[in-house]
Amino acid sequence: MVVADSGLEGVVAASSSICDVDGLNGVLIYRGYDIRDLAHNSNFEETTCLLWNADLPDRATLESFRADIQANMVLPGPIVDLLRSFPRSAPLTAILRTAFSAMAIYDEDVSDGSIEAVRRKAIRATARMGPLVAAIHRVSADLPILEPREGSIAGNFLYLLHGEWPDEVSEHVYDVCLVLHADHEFNASTFAARVTMATLSDYHSAITSALGALFGPLHGGANEGAIKMLREIGTPDRAAAWVRAALARKQRIMGFGHRVYKVYDPRARELKDMSRALAAAQGDMSLYESSVEIEKVMESDRKLFPNVDFYSASTFTALGIPGALFTPIFAVSRIAGWSAHVMEQLTHNRLIRPRAEYLGERGRSYIPIQER
Ligand code: CMC
C-alpha cells in the first residue's frame, strides 16, 4: 500500500476545472483567469458566476444572477429567532455553523438533491451568508437586525453590519476581499464539503462540514489570530522583538506560511496594497506598519511569507469589522467556492473513501472484563 505524506501533502485527490494554485510561482487562477486580473476588474457577483458556470457571464446573465441574489437576501424568520435564542457568550463561529445548518430545515428544496435544486440552494446560501453573519454580530451586540437594501453583496454586508451604507471605497475594498477569498482549490474546508457531498448527502450538510473545517486556526481562523497578535504588539516599534520572542517560544505566527505557496501568496499582495491605501486615507498607519515589520522578520528569519489571512486583518479592521467576525466573514466569500466545488462533485460524483495505513495490533483475543 502506498502511504501518503502526512497531511496529504502534495497528493492530488481529484480533478477539478474550477481553480488552480501554482505554489512555486505564486499564481492563483479561477477558471483560467488570474486572481489579480479578477481583483482589479471583476466583482464578487460576477466572479461567483464565473466559478459556478465556467465562463464570465454576459450582461443579461449577470443581471439575472444579481436579481436572484437580491430576492433571497432576507433571512428566514425562524433563523432570526434561533439567533436570538443563543447565549450572548456563545462563540460566533458556533452560532454561524448551527444557524447555517438550521437553514436546511427552512429551505424550500430541502428534500431535493438534484443539481438544479443544489444550484437554487447555493444562490440562497450565497445571498444569505453575509446577512447571517451581520445578524449574528448585531444580536451579540444587542443591536436590531436590519433588512437588506438594493445593492451588492459587499455593500449589503457592510450596511447590515454597521447600519450605514458604506462609502464607495469601502464597498469596493470589501468587494475585492470577497473576490480574493472566493475559492482556493482543495483547501481543507472545500475538501470537507466535497467529501460530504460525495456521499450524496445534502447541500447544507456539505457546507456545514466546510464551515467546521474553516474555523480552525490553521485555516480560516488565522485572520482572527493575526489581529489578536497585532493588538497585543501595539505599536510598530515593538513588532520585530515581539515576533522574534514568539518564534523562539516555537509559537506559530498567524497569517504566515502555506501548505502550497512556497512564495508570496498573490492574494496577500493585493490585500497589502489595500491595507496600505486604507491606512493612508484614514491617517493611521500603525496596524499596517506593524504588519510590515512582522513580515520583514518572518522573511529574513524563517523564509515564510504572508498568506491571505495576514493583511486581511488590517484591511478588515480599517473597514470597521470587529476581529471576532474575521473568521465568520471568510464564509461570506468562500460560500461561492464551496458551492462551485459541491456542484462539480455532484456532477462527476464518486464516493471519496481513502484507506489508512494500519499501525495497530492484530490477532488479539477478547479478554473478559473481570480478567483485565
Ligand atoms: N509561524 C512559525 N513557523 C511556521 C509557520 C508560522 N506561521 N508556518 C510554518 N512554520 C514552520 C513550522 O513550524 C515548521 O517548522 P519545523 O519544520 O522547524 O517544525 C515548518 O514551518 C513547516 O510547517 P508545517 O506545519 O509542516 O507546514 P504545513 O504545510 O503543514 O502548514 C500552515 C501550513 C498554513 C498550517 C502553517 O504554515 C501555519 O500553521 N500557519 C499559521 C496559520 C495560518 O496562517 N493559516 C492560514 C493558512 S492560509 C489561509 C487558509 O487556508 O485559510
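The values are calculated or read from the model by the stated rules, or taken from the named source; none is laboratory data. Keep in mind that what you see is a predicted model, and the values were worked out from it rather than measured. Please note: Cβ atoms are built from the backbone with ideal geometry, for glycine as well, and neighbour counts cover all protein chains shown. Side chains are part of the model used for accessible areas, which takes the heavy atoms of the whole protein and leaves out ligands, DNA and RNA. Shrake-Rupley method; radii C 1.70, N 1.55, O 1.52, S 1.80 Å.
Worth a mention:
- Hey, residue 253 more than 20 Å from residue 334 (Cβ to Cβ), within 7 Å of the ligand (Cβ to nearest atom) and not assigned by TED's automatic domain parsing to the domain that holds residue 25 or not: yes
- Per the conditions (1) free of Cβ contacts under 8 Å to residues at least 40 places away in the same chain; (2) in contact with a strand residue (DSSP E or B) (Cβ under 8 Å, 6 or more places away or on another chain), the sole criterion not satisfied by residue 32 is (2).
- Criterion violated by residue 286 - all others in (1) under 27 Å from residue 96 (Cβ atoms); (2) of a type outside the set (A, V, I, L, M, F, W, C); (3) in contact with a Ser or Thr (Cβ under 9 Å, 6 or more places away or on another chain) satisfied: (1)
- Residue match in the stretch 293-304 (condition: free of Cβ contacts under 8 Å to residues at least 60 places away in the same chain, within 16 Å of the ligand (Cβ to nearest atom) and outside any helix (DSSP H, G or I)): yes
- Selection within the stretch 258-277: residues that are open to solvent by 20 Å² or more (accessible area, probe 1.4 Å) and of a type outside the set (D, E, K, R). The member of this set that is nearest to the ligand (Cβ to nearest atom) is 258.
- Selection count, the stretch 1-16, where residues are modelled with pLDDT under 90 and not hydrophobic (A, V, I, L, M, F, W, C): 2
- Among the candidates 244, 238, 231, the residue that is part of a helix (DSSP H, G or I), farther than 21 Å from residue 318 by Cβ and more than 21 Å from the chain's Cα centre (by Cα) is uniquely 244.
- Single unsatisfied condition, residue 227 versus (1) within 13 Å of the ligand (Cβ to nearest atom); (2) in the same structural domain as residue 337 (by TED's automatic domain parsing): (2)
- Residue check for residue 232: at pLDDT below 95 and either within 16 Å of the ligand (Cβ to nearest atom) or touching a Ser or Thr at 6+ places or on another chain (Cβ under 6 Å) (or both): no
- Qualifying residue in the stretch 307-327 (condition: modelled with pLDDT of 95 or more, outside any helix (DSSP H, G or I) and within 29 Å of residue 7 (Cα to Cα)): yes
- In the stretch 278-292, residue surrounded by the fewest Cβ atoms within 10 Å (Cβ to Cβ) [restricted to those that are in a helix (DSSP H, G or I) and either of a type outside the set (A, V, I, L, M) or out of contact with any helix residue (DSSP H, G or I) (no Cβ under 9 Å at 6 or more places or on another chain) (or both)]: 282
- Reported count of residues in the stretch 198-211, each being crowded, with 18+ Cβ neighbours inside 10 Å and not acidic (Asp, Glu), is 9.
- Residue pairs whose Cβ atoms lie under 8 Å apart, separated by 6 or more positions or on different chains, with the first residue in the stretch 169-196 and free of Cβ contacts under 8 Å to residues at least 60 places away in the same chain and under 15 Å from residue 158 (Cβ atoms) and the second hydrophobic (A, V, I, L, M, F, W, C) and surrounded by 24 or more Cβ atoms within 10 Å (Cβ to Cβ), are 171/154; 171/158; 172/154.
- Some residue of the stretch 76-88 being modelled with pLDDT under 95, of a type outside the set (Phe, Trp, Tyr), on the phi < 0 side of the Ramachandran plot and more than 20 Å from the chain's Cα centre (by Cα): yes
- Test result for residue 352, closer than 25 Å to residue 137 by Cβ and either open to solvent by 10 Å² or more (accessible area, probe 1.4 Å) or not in a helix (DSSP H, G or I) (or both): no
- A search for C-beta distances below 6 Å between a residue of the stretch 1-23 that is outside the structural domain of residue 185 (by TED's automatic domain parsing) and any residue that is open to solvent by 60 Å² or more (accessible area, probe 1.4 Å) and more than 10 Å from the ligand (Cβ to nearest atom), counting only pairs 6+ apart in sequence or on different chains, returns 3/357; 4/11.
- Residue match in the stretch 269-277 (condition: assigned to a helix (DSSP H, G or I) and within 21 Å of residue 162 (Cα to Cα)): yes
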